[in-house]
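Comments concern the structure below.
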Amino acid sequence: MSQIKNKSKEFVDTNKIDQSTAQSHEFGYWKSLKDISSSDDYTNYLKQSEHHEDNGLSRRNFLSLVAASVALAGLEGCKKPVQKIIPYVEAEIATIPGIPKHYASTMPFKNNALGVIIENHDERPVKVEGNEKHPASMGKSNSFAQATTLDMYDPDRSRGVRMNGKKVDWSEYVKYAQSMNSSNGNRLAILSQESSSPTIQFMHNEFKKAYPNADWVVYEPINNENLYKGIEKAFGKKLQPFNRLENAQTILSIGSDFLGVEDNCVYHTRKFAQNRDLEDEKSTMNRLYVVESFMTPTGSSADHRLNVPNHEFASVLRELAGELKKLGLKIDAKPVKTSNHLWIKTVAEDLMQNQGQSIILGGSDLSADIHCLITGINNQLKAPIDYYPLNKAHVTSMKDFKSLCKKMAKGSVDNLIILGGNPVYDAPSDCNFEASLKKVKSAVHLSNFYDETSKHCQWNIAQAHFFETWGDAMTYDGYASIIQPQIRPLFDSKSAVQVLTPVIFKEDRSSYDIVKKVWKDSIVNEKNFERKWEKILHEGIYTKPLLSNKKVRTQNKISTAVLNKDQILDENKFEIIFAPSSSVYDGRYANNGWLQEIPKPITSLTWDNAAFVSMKVAKKLNIKNGQMIEISLGNTSVKVPAWIVPGQNQKTITLELGYGREFSGRIGSGVGFNVYPLRTSSNMGYAMNADIKTLNETYPLASTQEHHGLEEDKLAAPGFKDLSTNEVQSRIPDLVKQSTLEKYKEHPEFVQDIVEEHKPDKSRSWEDHSMYNPEPEYDYSKGHQWGMSIDLTSCTSCNACSIACQSENNIPVVGKQQVMNGREMHWIRIDNYFSGDPDNPEVSTQSVACVHCELAPCEQVCPVGATTHSTDGVNQMTYNRCLGTRYCANNCPYKVRKFNFYNYTRDLPEVVQMAMNPDVSMRFRGVMEKCTYCYQRVSEARIKAGNENRDLVDGDIKVACAQSCPADAIKFGDINDPNSAVSKAKRRNRDYALLGQLGTSPRTTYLAKIRNQNPKLSSNNHQGAHH
Amino acid sequence: MLDNKIKSKAEVRAEKLLPGNQNFTTITNDIAGVPEAKTPVQWWLLFGFALSLLSIFVGTLGFLVWEGTGIWGINNPVFWGWAIINFVWWVGIGHAGTLISAILHLFRQNWRNAINRFAETMTLFAVICALVFPGIHVGRIWVAYWFLPLPNQMGMWPNMRSPLIWDFFAVFTYFTVSLLFWYTGLIPDLATLRDRAKTNLKRKIYGFFALGWRGGNRQWQHYELAYLVLAGISTPLVLSVHSVVSSDFATSIIPGWHTTIFPPYFVAGAIYSGFGMVMTLSLIARKVYNLGHIITVEHLDKMAQIMLLTGSMVGYAYAMEFFVAWYSGNQYESFAFINRALGPYWWGYWVMIFCNVIVPQFFWFKRYRRHIPFLFITSILVNIGMWFERFVIVVISLHRDFMPGAWAMYNPTIFDVSIYLGTFGLFFTGFLLFLRFLPMVSMAEAKLVLPESNPHHGHKE
């Protein structure tokens, strides 16, 4: 008991500190390191958010209430969930302290689902992994799934139920919902997010039964409505396409970032990478063509990339259709010739050559007409796409959304229930959602945070994280799975189902009962339901798909006629693209420190969004990195800092959505710039004819990489500005070894061709002449020797590994200021290098973590022996012994060691501490840290194998990065076991050691990047890959 | 008449080094008079200034311990910044003392006698300033004692392969020997002060430290032998300390650090900067205390010659580094040096070249070697140049090493500056206290230059 008391006392203190410095993310993570006492920001914040003020409590009381509720919640969190959930693997009934349990669950994301396994330590979920049995995950995951743990333990989440800012009991809401005017629901509406949940569909049906005239509208700011409309135009009905990339040899993406932020990216990446897994020079691989206007991870992975502004995609497609017609497809198209003719012609030939194995993917922001044409061509190409029935009720309909807004504005909606989402922030500006919402008599907002929308709603209900609630979700191809709660709601939060039950059934029902009922009645129509139910919970997937794919045929003749009207860009005006952010998506992850601080692919930017401009435009308009520019569209304008990005189209400015949140808690509020005001319902994807004005002010942007290979060295001596650019260019082939498939076939051993002077003299190996290590201390040929292989051919730089590592290894978030000082802590950094034409560069990405050198330069120089080698070949850091001379980090040629310049975790709120992995020690200030090969997992597996009286076998140990990598580019295991996956990978002739000429003998080696360039294009489209 | 005109060799030399008909009494009066006289106002002003710098040092140090090394500008990849630059710089300055005392003593260069006490004291305080940094630049200052090979229950031992440990021992050894050497040299002078002391307390304190010195023949014999032995021990240290310091860099793998030329080049640079500092200090003391007849232009000329020599050696090393980088054909090595001269910190490199290579070339001309204002400016430029040399080595090499993905710029913070300024407070506080309480020129040794100290003085030649 006394322990509990102490704990809650501590809690009050922590909370006082972190509340007082909320929102000061610039200096530190949870609180400012410099400015502990300044609480002005937060006071203002409290003033702004009326619901905090109106409850008649003093600020002090409020804080202590919050503190107490967190404390109680925290204690509650240690309890087991009430309903029976089934552990994934272990059979033990009792909890053994220190032994984690794994439960299967599902991460819902819009109208898709990702099967996950959640690692629980002492009934506390701390790590998300993909579920191997789940078809959309296949054991892999993405950065959003990896970072969701931090969302769960976000201390800024909404708590309980509030009515006009006053904290009320849930029963008050139930009473309110029961009393809702039920005259057929004429003046009642529900606004929900996209969902694939059968239970939500059930609720929808029940809702419609209870209130036949009420609206249920679905809105997502980033949606596939145009894709579905295009498919409807082509096939006569809305269907969900499912791209079977495993069967695609030629892929053409038209503005689709299918390896990045587009839906189903885990599946896409996994299956795309599967066909790039080159065993040797005799293997084949798929070929990716990308047409895009700004550099995306997909574009950077492309074998050929065409840089075209979005509004010209139609003309590219028209030309392509013309070529395909020539080659025999039944398309109504005229031959066209533009400057891109050779490129398009070659792509057309390639698509035709691989007919049945070729596919065109269109970006979700393309028009319905373009999607219609793409769908038609795909149909003709016999592209490996399955079409599944689409639950139209639960995808975005802008028409419905707009008419709802109109209704609201007219004052004809009395009760509005907003189930998640933040439409005040992210609705198109012409919908005037905020003004309309104010006309609603009584609005209910179920949300994670007290956000922009909550502010205008009378009822605020804390939304349960999917770790906390029962639910279900389904993949595009109809595989349904259960969302199992891992923990009791920390903040008295509720799920959408719970919010709806009193409205529909006029009584409070648990989501467990409803989910189970739905599954019993309409999904699992089998005898012995209970046993089946347990099995589904255990495995995390119901193996019978609920949907079957539809045979489809195009209704009309495919014609390019619909595309004949070209959009014209006025001179000196720009096309603006609204792109989802790879970090915060549409703004929903704004308060997630891990995602905010992860360097974005291509730009390496953290903590902010920016307007991406091409190098030429920057030169023309005299724009520098971080320079504020004003972008005007009609009467609306926003000010955004610019960032120069290679591969950006000269007619295009890309704006990332999801930033500039006003009410998003202490991490996300005020980070970046809100560009939604420019977005209207007619230009959700891109807008034409924007004006750009260069402003005379700059804004500091935090990028983790200074030199990407193309930018000038502004500070260099006069006349030598391009010195370092040339140097980086000449280093790229040495660091990221690469070739084309064609050249690789001619010269399979090309990775051995290192620049002459780097070649170590075999007769005088470095070891023999080392002053340090005349003879190896260990015999590395014995026992388990850990090693890693990273395949640069399949890596898409998606960041999943880096966040997985952060989650597994308790890596602190340091804040924008520290990132600008070059002190980010990520153990895995992803280097991006550009070469060639700045408008269409070749991108070489490389994820770099400690490579665990057998002859490690860091180990020699540590004065206290804090970094040493283990007998199984791992370069280890002994945090307790480290005194922080930082000599090891200086002497590391890979610069992968990270130093705790401050005590970055000192002020971690206790709730966030719950997200930390108890198997990994937190690092104090003044100590060095780096990749450990997830040694805690190695030890865990070894102990387990020892208990089972067996030796470790390949696959027993999954390190966090390799486990999450959706491209399966990372292999880890015992290099002394010739049959291990890593040994096999290292035996490939593409295997090379990074900076191997230094004689460090790294245990992590890379597989060279191979681009499958089309010989017809490689000469003039790209410069040769291997210099 | 003829007798008067012909002077002995000793007399000629004495005339040159100690002009103006000086004898034992005048020297004792002039030198011992300084600590015995009333404290001059200038001293108080300087001391107040030094104390305020010292308080900046203490304040920054406190903040550093409280917050962590994050208050400095260091980052990834530049994990070492001003702290290490200052360490190497102060150690370098500390070189002149031993060189002047020991090596010139062994070579019987009597012109050193006017400046050796100065130089040795400067060495002591410079090494103290230097020794501050290894202790405070670490991340966890409270466990800095882990550098020491202290037997403990965990059986933890320093990693003797680490150059930082060599460094630690080298500098500590140097400090210990320098202290002994300085103190041994002080003993006869302390006895003089004891004998001349007016108050009982002074007599007791000076007497305690004078170790019962009576100036007897046997005592002088022992003294000379001990001094000679210490000089012998110190001499290799002059070469070893900075060689070992240089191995912090030379044994590493980083281009720009990984060079075998470092040990001799560091030693030359150290002597160069040490003489620069001795010059600065002696020019000030000479002015403040009117000691122009003891620290003469002849002494300054000799020091300038040594600065010309060592400055040119350093210049040669700079050139040789470039040659080797080019000759090696190693891309990374070559770029490290090109980046020094032409990269974003090019100005730092050219400041170094100007101060260390170009400026001392004026010392080919006697005019400049004896031009006091010129010497003063040069002596300061030398130490600016030598600071930049360490900046060039530490920061420019680190900020762009092997992987461009990890390249970054380094920006010092106010706390980098304040701790550096603070060490001047430490240095000058110590030095001013020395000037106040101890004879700044070795009386016993200065007298050796006089003809009277020649055993044959007074006898017909």
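Just so you know, all these numbers are worked out from the coordinates, no wet-lab data involved. As the structure is a computational prediction, the values presented were derived from the model and not from experiment. A quick note on method: Cβ atoms are made from the backbone with ideal geometry, for glycine too, and the neighbour counts reach across all protein chains shown.
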222 nm mean residue ellipticity, helices alone, for chain A (DSSP H n ≥ 4; -39,500 (n - 2.57); rounded to 500): -8000 deg cm²/dmol
Dipole magnitude of chain B about its Cα centre (Cβ charges: Lys, Arg +1; Asp, Glu -1), debye to nearest 20: 1300
Kirkwood hydrodynamic radius over Cα pairs of the protein assembly as shown, then Stokes diffusion coefficient at 10 °C and 1.306 mPa s, in µm²/s: 44
Alpha carbon Rg of region A:570-703, scaled by the compact-globule rule 2.2 N^0.38 Å: 0.98
Backbone N under 18 Å from the A:Asn205 label point (7 Å along Cα→Cβ), restricted to region A:530-549: A:545-548
Kirkwood hydrodynamic radius of region B:256-386, Cα pairs, Å: 15.6
Percent of beta bridges antiparallel (DSSP, region A:402-531, rounded to nearest 5): 30
Rounded to whole Hz, the Karplus (6.51, -1.76, 1.60) HN-Hα couplings of region A:936-946, x for glycine and proline: 4, 6, 4, 5, 4, 5, 5, 5, 5, 4, x
Magnitude of the charge dipole, the protein assembly as shown, Cβ model with Lys/Arg +1 and Asp/Glu -1, debye to 20: 1780
Isotropically averaged projected area of region A:225-393, using the convex hull of Cα atoms (one quarter of hull area), nm²: 9.6
Convex hull per residue volume in Å³, alpha carbons only, for region B:161-274: 132
Qualifying aspartates and glutamates (Cα of each under 20 Å from Cα of A:Lys326; at least 8 residues distant if same chain): A:Glu349, A:Asp350
Binned Cα-Cα distances of region A:840-994, short to long, each 5 Å bin given as a whole percent: 1, 8, 14, 18, 19, 17, 13, 8, 3, 1, 0, 0
Equivalent ellipsoid semi-axes, chain B, via Cα gyration tensor eigenvalues times 5, rooted, Å: 41, 26, 21
Under-5 Å amide H pairs with A:Arg679, H placed in peptide plane, nonlocal only: A:Ser429
Proxy reagent accessibility, fewest Cβ within 10 Å first, across A:Ser548, A:Ser980: A:Ser548, A:Ser980
For region B:125-142, 3J(HN,Hα) per residue [Karplus equation, 6.51 cos²θ - 1.76 cosθ + 1.60, θ = phi - 60°, Hz, x = Gly/Pro]: 6, 5, 5, 4, 4, 5, 5, 4, 5, x, x, 9, 7, 6, x, 10, 4, 5
Among beta bridges that DSSP assigns inside chain A, antiparallel share in %, nearest 5: 60
Sequence ranges B:392-401, B:139-148, ranked by mean other-Cβ count within 10 angstrom, highest first: B:392-401, B:139-148
Pair A:Asp122, A:Arg244: separation of 7 Å Cα→Cβ label points (nm): 4.9
Per-peptide average of other Cβ atoms within 10 Å, ordering A:791-801, B:25-35 highest first: A:791-801, B:25-35
Under the Karplus curve 6.51 cos²θ - 1.76 cosθ + 1.60, θ = phi - 60°, whole-Hz ³J(HN,Hα) for region B:431-436, x wherever Gly or Pro sits: 5, 5, 4, 4, 4, 6
Spherically averaged projected area of region A:726-1016 from its Cα convex hull (nm²): 18.0
Percentage relative contact order, region A:318-361, counting C-alpha pairs under 8 Å, at least six apart: 37
Relative contact order %, chain B, counting alpha carbon pairs below 8 Å whose residues are six or more apart: 33
Compactness index (Cα Rg / 2.2 N^0.38 Å), region B:142-219: 1.74
Built amide H within the under 5 Å cut-off of A:Leu306, gap 5+: A:Val290, A:Val291, A:Glu292
DSSP beta bridges in region A:726-1016 [antiparallel fraction, %, rounded to 5]: 75
Calculated P(r) of region B:319-461 - Cα pairs past 24 Å, %: 59
Average partner coverage of A:892-903, which counts Cβ from other chains inside 10 Å: 6
Exercise: per-residue mean of other protein chain Cβ atoms within 10 Å, A:704-713: 3
Over 26 Å (Cα to Cα) - which of A:Lys110/A:Lys639; A:Lys127/A:Lys392; A:Lys133/A:Lys944; A:Lys167/A:Lys439; A:Lys624/A:Lys898; A:Lys334/A:Lys1016 fall in this group: A:Lys110/A:Lys639; A:Lys127/A:Lys392; A:Lys624/A:Lys898
Sites A:Ser179 and B:Met409 - FRET efficiency at Förster radius 60 Å, r taken between beta-carbons, to 0.05: 0.40
Contact order relative to length of chain A, as percent, for alpha carbon pairs under 8 angstrom and 6 or more apart: 15
Selection from A:Ser1001, A:Phe612, A:Val864 lying farthest towards where the dipole of chain A points positive, charges on Cβ: A:Phe612
Rounded to the nearest 20 debye, dipole of region A:225-393 from Cβ charges on Lys, Arg, Asp, Glu: 620
Residues with amide H under 5 Å from that of A:Thr250, placed H, sequence gap 5 or more: A:Arg287, A:Ser358, A:Ile359
Peptide B:156-163 - average C-beta neighbours from other chains (10 Å radius): 6
Bins of 10 Å from zero: percent of alpha-carbon pairs in region A:833-905: 17, 40, 21, 15, 7
Highest average packing first - A:272-279, A:489-496, Cβ atoms within 10 Å: A:489-496, A:272-279
